[in-house]
Amino acid sequence: GAGVSQSPSNKVTEKGKDVELRCDPISGHTALYWYRQSLGQGLEFLIYFQGNSAPDKSGLPSDRFSAERTGGSVSTLTIQRTQQEDSAVYLCASSIDRGEKLFFGSGTQLSVL
Amino acid sequence: DAKTTQPPSMDCAEGRAANLPCNHSTISGNEYVYWYRQIHSQGPQYIIHGLKNNETNEMASLIITEDRKSSTLILPHATLRDTAVYYCIVRVGSRVGGSEKLVFGKGTKLTVNP
C-alpha cells in the first residue's frame, strides 16, 4: 500500500506475556518513529530511527521496551513481560528524511489484561 | 516538553471558518511551525507547516505573526469531518539538519457543530 501499515490492528494479551508490534513504513522513507497514546492522552515519543544511524531511544519507558529496524525498512516494537499500564495505542510514523513531515499509520491497540 | 501553548478546546459552526491559535514565544529562528490533526481513532495527519511566510494548501491556511511568536491555523469552511484534536508543533526543518522527534502537546479539541 501507499501508506504506513501497522499490524496487528488490535492485540489482547495477558499480563506477563511478550508482544511484538510491526510497522511497514512508506517505501523510501529513511526516518521511522514509534509513539504511544494512552486513552485520552497525548502522543508520547518512544523511539526514532534514521537511516543507519544509532536510534534515539530516549523515550522508551523501561528496559522491557525495545525496537529494531531491519534493512532500513520494517520495524518491530517488542514489549516484554507486559503490564496493564502498557495498554495503549502504539503508533508508527515515517518520513522521507529527518525534519520532514510525518505520515502515521492507524496504530495497534494493545490491551493487557 | 512541548514548546507551544494551545487552548484545550474550541467550537465552530459548520460552514464557518475555524481559527485555531497557537503561541510559541520561544521559537528559534530555524524552527518551523507544523500543524497536525488527529481524528478519533486514527493516527495524526499532517496539515501544513511554515517558517515565517503565510502558507495555504488545499486543507488550510497558516498565518504566522511577524515576530513569529504565535500563529493561527485557519480552516476556511469547517465541516463536521474537521472535528479532531489539532496539534501545533515547532521543529527544526530538514534543510538545517532537522530534529529527530516531534513533541506533541495536548492540542486543541475542535468540535464542529451542525
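Given the options B:Cys22, B:Cys88, B:Cys12, state which has the largest fluctuation in a GNM of chain B using a 10 Å cut-off (strictly under) for Cα springs.
Of B:Cys22, B:Cys88, B:Cys12, the most mobile in the Gaussian network model is B:Cys12.
Over the whole of A:19-27, what's the average partner chain Cβ count within 10 Å per residue? Rounded to a whole number, please. Write out the running numbers ahead of the final one.
On the way: counts 0, 0, 0, 0, 0, 0, 0, 0, 0.
Rounded to a whole number, the mean comes out at 0.
Just want the answer: with Cβ charges of +1 for Lys and Arg and -1 for Asp and Glu, which residue in B:Met59, B:Asn113, B:Thr26 is farthest toward the dipole's positive end in chain B?
Checking the options against the dipole of chain B, the answer is B:Thr26.
Rounded, prolate or oblate for chain A? Axes are the square roots of the Cα gyration tensor eigenvalues, ordered a ≥ b ≥ c, and the cut-off for rounded is a/c under 1.5. Walk me through the intermediate numbers first.
Values: a/c = 1.78, a/b = 1.59, b/c = 1.12.
Prolate is the answer for chain A, as a/c is 1.5 or above and a/b outweighs b/c.
Structure shown: which of A:Lys101/B:Lys109; B:Lys3/B:Lys109; A:Lys57/B:Lys52; A:Lys17/A:Lys101; B:Lys69/B:Lys109 lie over 29 Å apart, alpha-carbon to alpha-carbon?
Numbers: A:Lys101/B:Lys109 21 Å; B:Lys3/B:Lys109 18 Å; A:Lys57/B:Lys52 32 Å; A:Lys17/A:Lys101 35 Å; B:Lys69/B:Lys109 21 Å.
Too far apart for the 29 Å limit: A:Lys57/B:Lys52; A:Lys17/A:Lys101.
So how do B:Tyr46, A:Tyr35 line up by other beta-carbon neighbours within 10 Å, fewest first?
Fewest-to-most ranking of B:Tyr46, A:Tyr35: B:Tyr46, A:Tyr35.
Cut-off is 10 Å between beta-carbons; in what order do A:Arg81, B:Arg91 appear when sorted fewest neighbours first? Let's see the in-between values first.
Values: A:Arg81 11, B:Arg91 23.
Fewest to most other Cβ atoms nearby, the residues stand as A:Arg81, B:Arg91.
Picking from A:Lys15, A:Lys57, A:Lys101, which is most flexible by a Gaussian network model of chain A using Cα springs under 10 Å?
Largest GNM mean-square fluctuation: A:Lys101.
Apply the Karplus curve 6.51 cos²θ - 1.76 cosθ + 1.60, θ = phi - 60°, to the phi angles in the stretch A:8-22 and return the couplings in whole Hz, x for Gly and Pro.
x, 6, 9, 9, 10, 9, 8, 3, x, 7, 9, 9, 10, 10, 10
In terms of the Cα gyration tensor, with a ≥ b ≥ c the square roots of its eigenvalues, is chain B rounded because a/c is under 1.5, prolate because a/b exceeds b/c, or oblate? Working shown, then result.
On the way: a/c = 1.86, a/b = 1.58, b/c = 1.17.
The shape class here is prolate.
If the only charges are +1 at each Lys and Arg Cβ and -1 at each Asp and Glu Cβ, what is the size of the charge dipole of the protein assembly as shown around the Cα centre, to the nearest 20 debye?
100 debye
Counting other C-beta atoms within 10 Å, which of B:Ile48, B:Ile39, A:Ile79 has the fewest, and how do the rest follow?
Fewest to most other Cβ atoms nearby, the residues stand as B:Ile39, B:Ile48, A:Ile79.
Each reported figure results from applying straightforward, stated rules to the coordinates on display, with no laboratory input. What you are looking at is a predicted structure, and each value in this text was computed from that prediction instead of being measured. Neighbour counts are summed over all protein chains in view; Cβ atoms, including those assigned to glycine, are modelled from backbone coordinates with ideal geometry.
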